[in-house]
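The values are calculated or read from the model by the stated rules, or taken from the named source; none is laboratory data. Treat the numbers as computed from the prediction; the structure is a model and nothing was measured. Cβ coordinates were reconstructed from backbone atoms using ideal geometry, including for glycine residues, and neighbour counts include every protein chain displayed.
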Amino acid sequence: MSHPVAKTDFCDALSRFASGVVIVAARTPEGPVGFTASAFSSVSLDPPLVLVCVGKAASAYGGVMGAARFGISVLQDKQAWLARQFARSGDRFAGVPLAEGQGVPWIARALALLECRPHARHEAGDHVILVGEVVAVRIASGKPLVHYGRALGGFELDVALAHANATAGASRVES
Ligand SMILES: Cc1cc2nc3c(=O)[nH]c(=O)nc-3n(C[C@H](O)[C@H](O)[C@H](O)COP(=O)(O)O)c2cc1C
């Protein structure tokens, strides 16, 4: 199908959007499935909802969509190898330390862990927007892994600017 914007232009534009990186994972009777995602967002505070866009052609699609619970692990900057491993074929869980005691596969030492139950699914082209209600969370300290310009890297926080913004108390954006 032809569109007014070329695929390469679309991808170039979207590559300028910096995002965090998560691993979306679920247990299935055949074992755990999961994939790397940057199309992740908070949606609602009451009830607490998040969304992730899941590619229909992805090998983990059926497993994640069919699960009663799925886990989201927000990666820290030392976990770029996990972002790569969960985007490649092969045993994605090989050598991956999991956080103990949960009904969903959570990545150990991730910055934030969310357990979700499916809330809604919305068709969106070659992806499905999976909305999850967050039923459990766990957080850790560290720095985020960032996806920007088709690369994975770290994020250097300007502590002085962050402090100024926090004490100003407003959702102000520096230009
Ligand atoms: C940084 C990064 C972000 C990604 N974001 C998404 C995403 O938001 N949604 C998605 O379905 N796939 C995303 N992918 C692709 C999947 O991780 C995975 O490669 C894809 O599902 C193909 O998996 P398969 O070979 O098992 O089919 C991303 C990959 C990378 C490296």
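Check 88, 117 and return the single one that is at pLDDT 95 or above, in contact with an Asp or Glu (Cβ under 6 Å, 6 or more places away or on another chain) and among the charged types (D, E, K, R). Even if it seems obvious, please write down each step before you answer.
Values: 88 fails: in contact with an Asp or Glu (Cβ under 6 Å, 6 or more places away or on another chain).
When all the criteria are applied, what remains is 117.
When you look at residue 68, is it closer than 13 Å to residue 104 by Cβ and within 16 Å of the ligand (Cβ to nearest atom), yes or no?
Criteria not met by residue 68.
How about the range 71-92: which of its residues are buried (at least 17 other Cβ atoms within 10 Å of the Cβ) and either in a loop (DSSP other than H, G, I, E, B) or of a type in the set (S, T, N, Q) (or both)?
73, 75, 76, 79, 85, 86, 92
Quick one: what pairs do we get from the range 43-59, first residue in a strand (DSSP E or B), second more than 6 Å from the ligand (Cβ to nearest atom) and charged (D, E, K, R), C-beta under 8 Å, 6+ apart or different chains?
From the range 43-59, the pairs are 49/133; 55/126.
Filter the range 1-59 down to residues that are surrounded by 10 or more Cβ atoms within 10 Å (Cβ to Cβ), out of contact with any strand residue (DSSP E or B) (no Cβ under 7 Å at 6 or more places or on another chain) and hydroxyl-bearing (Ser, Thr, Tyr), then give me how many there are.
Of the residues in the range 1-59, 4 are surrounded by 10 or more Cβ atoms within 10 Å (Cβ to Cβ), out of contact with any strand residue (DSSP E or B) (no Cβ under 7 Å at 6 or more places or on another chain) and hydroxyl-bearing (Ser, Thr, Tyr).
Please enumerate the residues belonging to the range 93-137 that are of a type in the set (A, V, I, L, M), away from the ligand (no atom under 16 Å from the Cβ) and not in a loop (DSSP other than H, G, I, E, B).
Passing the criteria: 98, 112, 113, 120, 134, 135, 136, 137.
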